[in-house]
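Colleague: Dropping a structure here in structure tokens format, bear with me for questions.
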Amino acid sequence: MTQLANSPKEHLLVHAERARERVKELKESPVPVIYVGCATCGRAAGALETIAGFEEVLKDNGIEARIEKVGCLGHCYAEPLVIIQNPGFPALLYQKIGAGEAGILVRSFLKDGSDPCYEYLIGALETDENFPTLMDYPRYLYENRVVMEHCGLIDPDEIDHYLAVGGYLSLAQGLEKGGEWVLEEVKSANLRGRGGAGFPAGRKWEIARKVEKTPKLVICNGDEGDPGAYMDRTLLESNPHQVLEGLALAALAVGAERALLYIRAEYPLAVEIMERAIVQARGKNLLGANILGSGFSLEVSVFKGSGAFVCGEETALIESLVGNRGMPQPRPPYPAVAGLDGLPTVINNVKTLSTVPTIIRHGHQWFRSIGTEESPGTAIFSVVGEVEYPGLVEVPMGVTLEHLVVDVCGGIKDGKELKAVQIGGPSGGCLPASLMETVIDFDSLKTVGAMMGSGGLVVMNEDTCMVEVARYFTDFTQGESCGNCTFCRIGTRHLRDILHSITIGEGKMEELTDLEEISEAVIKGSLCSLGKTAPNPVLTTLRFFRDEYIAHIEEKRCPAKMCRPLIAFYIDLEPCARGCDACVACCPTDAIFTTSNRKKAIDQEKCVKCGECVYACPPEYDAVRRVSPPEMIPDQGVEPLPDTEKEKEESK
Amino acid sequence: MLDQLLAALNETERAAVDEEEYQILQAVVDELPAFSHEVSQLIPILQEIQGKHGYLPRLALDMVADHVQTTIGKVYGIATFYNQFRFNPPGRNPIKVCLGTACHVKGGEILLENFERRLQIKVGETSDDREYSLERVACIGCCALAPAVVVGEKVEAYVTPSKVEGIITEIEVRNEMAAREQAKNDATSE
């Protein structure tokens, strides 16, 4: 590459300087600045109402303040999250701020400046004498935020926010040193694809780079369809320019002139934010023709995926781009050799591409110092289910599941027992508590029958039935199977039907062998990894929780008391309080009636077993019992209150 | 072209195309020329039609097939393959119950049942008065707020069976208030 008078870096520094000044203005603002997390999950928790609340109370009190919408910090348990930067105080992070709390914060903190409202405070973003800092919490201390470093702290709609924290510097550096150098850096870093399979990104790029056909294409795979995983969405919504920078670097390394963002149509906010980010980047010549005067050009556009889980598979994704049903095709040829329209096409996951700028910036040695030898870097998990602090967690590869669930995420809620973690979504497996010492990396998880997948991790306690979980995932993959391979199409259906019959108490012992045999056949007879991994939830639950299957079949009993055909609810007359109507009011089918001694009982014919009465029953009585099998209901000699009595009562 | 397609239908089929659908179809006739005739445009075209009109009327699929020079079978095959597309009009209050892993474990299925019972429609259906439609979705990515339900554009977090009742009542109250407001305005304008 010829050395230009004005190098890309110099070009970029002009932008960065201006951006830093704008952000400095914000950081040193004489009036308070309120940052509200407004990614999809924040909005679900009511972030927009929070903003409206702030605006109203600020106006009523005549206080001037700026409100900035930022992305997601990943601390979903504490949404809506608000950071307040009040002059004279460090920036403070608050949790669960609804419109009401917003009013309190304005009146007691912004108006008088006296009370920082410790009751809602998590901590200060930076070390301070008077406040706890975020680093005092295990969630922050144990995490190693490499990819998500700026998520939730910058405004995704402002390219300047990203530029001010060193954004696009890696791209400028890459443009100066050339695509070959970028490729070598990523190869030396041994960055493995974060989409689940863990194929080295550098190798994929090298294959495409060496193919002589042009033009080449790079695609960012944002078709996150795995139920239980939402980190791709968070990255797209919270730091879109980092994804674009990674995409541009990948294109540079591969020698592509066109790039595509494939994003699920179900993520409208992510699509909107990315489209805006592309326009902004083009406006600053960070995308488009002759980027930063380097001679390298890249056109980026967005394609909305229509919601098919199988389209996360490379070849299926390409099929959907040309207007076909998303059916995987045999490989080779690999898309990196002959993909869209027969041209070399590199497809990388959002997380993979988001990692690239950090590698270029800090060097491959730095990257390899994080994580393990074979799986360097960090892993992002969406830890949900029965943990104290669910949300997005970025930890170095190589930590144990125990560490992730107990130390980082606060362990199991309500003092219950950990039963299993489901890792990797429909392609992954259920690991029992005894395997919690398993190390998290691409290879260790495979040896125990699970896989990294896209990083969904659902923590389950004793109230979750493993057979039902297996049925749920098989039902999902069955519905998402494209129908091409017989074993996947029909095999998953048989698996689901057998599992269904077990959960309703009609299973037979010999069917357990059938499950195993069909699973083997589906693995062997399927073309793509959807089919190849679909039986994982069945096989792992059979391996680690076989006794639960047996209880369902032989005793017609669901040990977790979750499978509704095998359970029943009854009200224990002893603790039930005379005259209390809490459960009656909540019952959606009017199944609860008053007994002759004016306590309550459940009409089993009408009961749909929704479990609502369990929550409605005041904790001091705690009278609703759940039993399995249904015959376990004791005979308490329940008699309904005679109609004459009822009338008497009503007339009173 | 629309008239041709209508003429090709049999008596009952033609009767099923109501005024509203007819207007949608006419709008589609006007919108199609904006797209190129390549088959690769198929999915974006379908997305556009559904985005504007809420669903894909049957005859619209015929028109799309004609536009990109392919068979109706191919268009129908695509539209049914992807989860995004629907073939009946959504309700004014579309309700989507999330059945992702976390929501499922926390009783999403029970919520779905409650909505079915309360609204007297099955999943995938729209109520006769077009007020509600009920769908299941694989995951909306709000797993930490499970179980979640999307009503219109709004995500409801930590939903319970009794909250189902509350959600519907809220909509009913809102409608009732709007109706009264309307009646009041009508009265004053007279």
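We did not get these values from a lab; they are worked out from the coordinates using the rules stated. From a predicted model like this one, the values you see are computed outputs, not experimental measurements. Here Cβ is always computed from backbone atoms with ideal geometry, including for glycine, and neighbour counts include all displayed protein chains.
Colleague: Could you check the spin-label model distance between A:Val31 and A:Ile550? Points 7 Å from the Cα along Cα→Cβ, value in nm.
Modeller: 7.0 nm
Colleague: With everything on Cα atoms, drop me the angle between helix A:350-362 and the longest principal axis of chain A, reported from 0 to 90° to the nearest 10.
Modeller: Roughly 50 degrees, rounded to the nearest 10.
Colleague: So, one more: Near A:Val522, within a Cβ-to-Cβ distance under 13 Å, what is the net charge of the other residues, with Lys and Arg +1 and Asp and Glu -1?
Modeller: Details: positive: A:Arg489, A:Arg493, A:Arg496, A:Lys524, A:Lys532; negative: A:Asp514, A:Glu516, A:Glu517, A:Glu520.
Taking every other residue near A:Val522 into account, the sum is +1.
Colleague: Follow-up. In nm, to one decimal, how far is the modelled label at B:Ser40 from the one at A:Asp136, with both set 7 Å along Cα→Cβ?
Modeller: 5.7 nm
Colleague: Let me confirm one metric for peptide A:382-394, namely the mean number of other chain beta-carbon atoms within 10 Å of its residues' beta-carbons.
Modeller: Numbers: counts 4, 2, 11, 7, 3, 1, 0, 1, 5, 2, 2, 0, 0.
Shielding by partners across A:382-394 averages 3.
Colleague: Let me ask something additional. Averaged across A:225-237, how many Cβ atoms of other chains sit within 10 Å of each residue's Cβ atom?
Modeller: On the way: counts 3, 5, 13, 11, 5, 7, 1, 1, 4, 1, 0, 0, 1.
The per-residue average across the peptide is 4.
Colleague: Taking H as built 1.01 Å from N, whose amide H comes closer than 5 Å to the amide H of B:Leu134, not counting residues under 5 places away?
Modeller: Counting only residues 5 or more places away or on other chains, the set is B:Ile95, B:Gly124, B:Glu125.
Colleague: Could you tell me how far the Cα centroid of the stretch A:16-67 sits from the Cα centroid of the stretch B:9-81, in Å?
Modeller: So the two Cα centres are separated by 44 Å.
Colleague: Residues of A:42-50, mean number of Cβ from any other protein chain within 10 Å of their own Cβ, rounded to a whole number? Mind showing how you got there, number by number?
Modeller: On the way: counts 1, 4, 11, 6, 3, 0, 1, 1, 0.
Partner-chain Cβ atoms within 10 Å, mean over residues of A:42-50: 3.
Colleague: Related question: Return a whole-number percent for the relative contact order of chain A, with Cα pairs under 8 Å and 6 or more residues apart as the contact set. Mind dumping the intermediate values first?
Modeller: Details: 1360 pairs, mean separation 69.9, N = 652.
Relative contact order here is 11 percent.
Colleague: From the backbone phi of the stretch A:279-289, what are the Karplus-calculated ³J(HN,Hα) couplings (6.51 cos²θ - 1.76 cosθ + 1.60, θ = phi - 60°) in whole Hz, Gly and Pro given as x?
Modeller: 3J(HN,Hα) across the stretch A:279-289, in whole Hz: 4, 4, 5, 5, x, 9, 6, 8, 9, x, 7.
Colleague: Now a separate question. Under a straight-distance cross-link criterion of Cα-Cα below 18 Å, which lysines are reachable from A:Lys446, leaving out those fewer than 8 residues away in the same chain?
Modeller: Within the straight-line limit of under 18 Å, A:Lys446 reaches these lysines: A:Lys524, A:Lys532.
Colleague: Share of antiparallel DSSP beta bridges in chain A, in percent to the nearest 5?
Modeller: Working: 38 of 66 bridges.
Here the share of antiparallel DSSP bridges comes out near 60 percent.
Colleague: On to the next question. Can you compute the FRET efficiency between B:Leu9 and A:Thr447 using 1/(1 + (r/R0)^6), with r the Cβ-Cβ distance and R0 = 45 Å? Round to the nearest 0.05.
Modeller: Working: r = 60 Å, r/R0 = 1.33.
With R0 = 45 Å, the Cβ-Cβ based efficiency is 0.15.
Colleague: Quick check: residue separation of A:Thr513 and A:Met632 times 0.36 nm, minus the Cα distance between them. What number comes out in nm? Before the final figure, lay out the partial values.
Modeller: Working: separation 119, 0.36 × 119 = 42.84 nm, distance 2.96 nm.
That pair, A:Thr513 and A:Met632, stretches by 39.9 nm at full extension.
Colleague: Could you check the spin-label model distance between B:Ser189 and A:Thr400? Points 7 Å from the Cα along Cα→Cβ, value in nm.
Modeller: For B:Ser189 paired with A:Thr400, the spin-label model returns 7.2 nm.
Colleague: Next question. One-quarter of the Cα convex hull surface for the stretch A:14-162, in nm²? It would help to have the intermediate numbers written out before the result.
Modeller: On the way: hull surface 35.7 nm².
With every direction weighted equally, the projected area is 8.9 nm².
Colleague: If you don't mind, there's one more thing I want to ask. Taking a ≥ b ≥ c as the square roots of the eigenvalues of the Cα gyration tensor of the stretch A:426-489, is the shape rounded (a/c under 1.5), prolate (a/b larger than b/c) or oblate?
Modeller: Details: a/c = 2.61, a/b = 1.43, b/c = 1.83.
Judged from the Cα gyration tensor, the stretch A:426-489 comes out oblate (a/c at least 1.5, b/c at or above a/b).
Colleague: Let's test the formula: R0 of 45 Å, r as the Cβ-Cβ distance of A:Glu388 and A:Ser7. What FRET efficiency results, to the nearest 0.05?
Modeller: Efficiency computed from Cβ-Cβ geometry: 0.35.
Colleague: In 10 Å bins starting at 0, how do the alpha-carbon pair distances of the stretch A:292-341 split up by percent?
Modeller: Calculated P(r), rounded to whole percents: 23, 44, 21, 12, 0.
Colleague: So how much slack lies between A:Glu462 and A:Lys59, counting 0.36 nm per residue of separation and subtracting their Cα-Cα distance, in nm? Could you put the intermediate results ahead of the total?
Modeller: Values: separation 403, 0.36 × 403 = 145.08 nm, distance 4.96 nm.
So the extension gain works out to 140.1 nm.
Colleague: Also, quick follow-up: Please work out whether the stretch A:159-368 counts as rounded, prolate or oblate from its C-alpha gyration tensor, where a ≥ b ≥ c are the square roots of the eigenvalues and a/c under 1.5 means rounded, while otherwise a/b larger than b/c means prolate and anything else oblate? If you can, show how the numbers build up before the last one.
Modeller: On the way: a/c = 1.42, a/b = 1.18, b/c = 1.21.
Taking the square roots of the gyration eigenvalues as a ≥ b ≥ c, the stretch A:159-368 is rounded.
Colleague: Then there's this: Hey, which lysines would be in cross-link range of B:Lys52, C-alpha to C-alpha under 29 Å, not counting anything within fewer than 8 residues on its own chain?
Modeller: A:Lys69, A:Lys304, B:Lys74, B:Lys96, B:Lys122, B:Lys154
Colleague: With no solvent and one equal point scatterer placed on each C-alpha of the stretch B:93-189, evaluate the Debye formula and give log10 I(q)/I(0) for q = 0.16, 0.22 Å⁻¹, two decimals.
Modeller: -0.64, -1.05
Colleague: Given Cα positions, please report Rg to Rh for the stretch A:540-652, the hydrodynamic radius being the Kirkwood one.
Modeller: Numbers: Rg = 16.6 Å, Rh = 15.4 Å.
Ratio value, two decimals: 1.07.
Colleague: Give, in nm to one decimal, the length gained when the segment between A:Glu574 and A:Glu605 is fully stretched (0.36 nm per residue of separation minus the Cα-Cα distance). Don't jump to the answer; show the numbers that get you there.
Modeller: Details: separation 31, 0.36 × 31 = 11.16 nm, distance 2.26 nm.
Here the segment from A:Glu574 to A:Glu605 would lengthen by 8.9 nm.
Colleague: Volume per residue, Å³, of the convex hull around the alpha-carbon atoms of the stretch B:2-81?
Modeller: So the per-residue hull volume is 92 Å³.
Colleague: Expressed as a whole percent, how much of the Cα-Cα distance distribution for the stretch A:467-554 exceeds 19 Å? Write out the running numbers ahead of the final one.
Modeller: Working: 1093 of 3828 pairs.
Everything past 19 Å amounts to 29 percent.
Colleague: Okay, moving on. Quick one: Karplus J couplings for the stretch A:421-426, per residue in order, coefficients 6.51, -1.76, 1.60, θ = phi - 60°, nearest Hz, x for Gly and Pro?
Modeller: Computed from phi, the couplings for the stretch A:421-426 are 10, 9, 10, x, x, x Hz.
Colleague: Under 13 Å from the Cβ of A:Cys610, count the other residues' Cβ atoms, weight Lys and Arg +1, Asp and Glu -1, and hand me the total.
Modeller: +2
Colleague: Rounded to a whole number, what is D in µm²/s for the protein assembly as shown from Stokes-Einstein with the Kirkwood radius over alpha-carbon pairs (37 °C, 0.692 mPa s)?
Modeller: Details: Rh = 29.1 Å.
D, rounded to a whole number, is 113 µm²/s.
Colleague: Hey, another quick one. Using just the helices of the protein assembly as shown, give the 222 nm mean residue ellipticity in deg cm²/dmol: DSSP H runs with n ≥ 4 each add -39,500 (n - 2.57), and the total is spread over all residues, rounded to 500. Don't skip to the end; give the middle numbers.
Modeller: On the way: 34 runs with 345 residues, N = 842.
Computed ellipticity for the protein assembly as shown at 222 nm equals -12000 deg cm²/dmol.
Colleague: Sort all Cα-Cα distances of the stretch A:378-464 into consecutive 5 angstrom bins from zero, then give the percent of pairs in each bin up to the one containing the longest distance.
Modeller: 3, 17, 30, 30, 16, 4, 0
Colleague: DSSP loop (so not H, G, I, E, B), at most 13 other Cβ within 10 Å: list which GluC sites (Glu not before Pro) in the stretch A:198-272 pass both filters.
Modeller: Working: sites: A:Glu206, A:Glu212, A:Glu224, A:Glu237, A:Glu245, A:Glu257, A:Glu266, A:Glu272; in loops: A:Glu212, A:Glu224, A:Glu257, A:Glu266.
Taking the stretch A:198-272 and a limit of 13 other Cβ atoms within 10 Å, the loop GluC sites (Glu not before Pro) found are A:Glu212.
Colleague: Among rounded, prolate and oblate, which fits chain B when a ≥ b ≥ c are the square roots of the eigenvalues of its C-alpha gyration tensor, a/c under 1.5 means rounded, and a/b larger than b/c means prolate? Let's see the in-between values first.
Modeller: Numbers: a/c = 2.31, a/b = 1.38, b/c = 1.68.
It is oblate, given that a/c is not under 1.5 and a/b is not larger than b/c.
Colleague: Count the net charge of all other residues whose Cβ sits under 12 Å from the Cβ of A:Arg325, scoring Lys and Arg as +1 and Asp and Glu as -1.
Modeller: Details: positive: B:Lys74; negative: A:Glu319.
Net charge around A:Arg325: 0.
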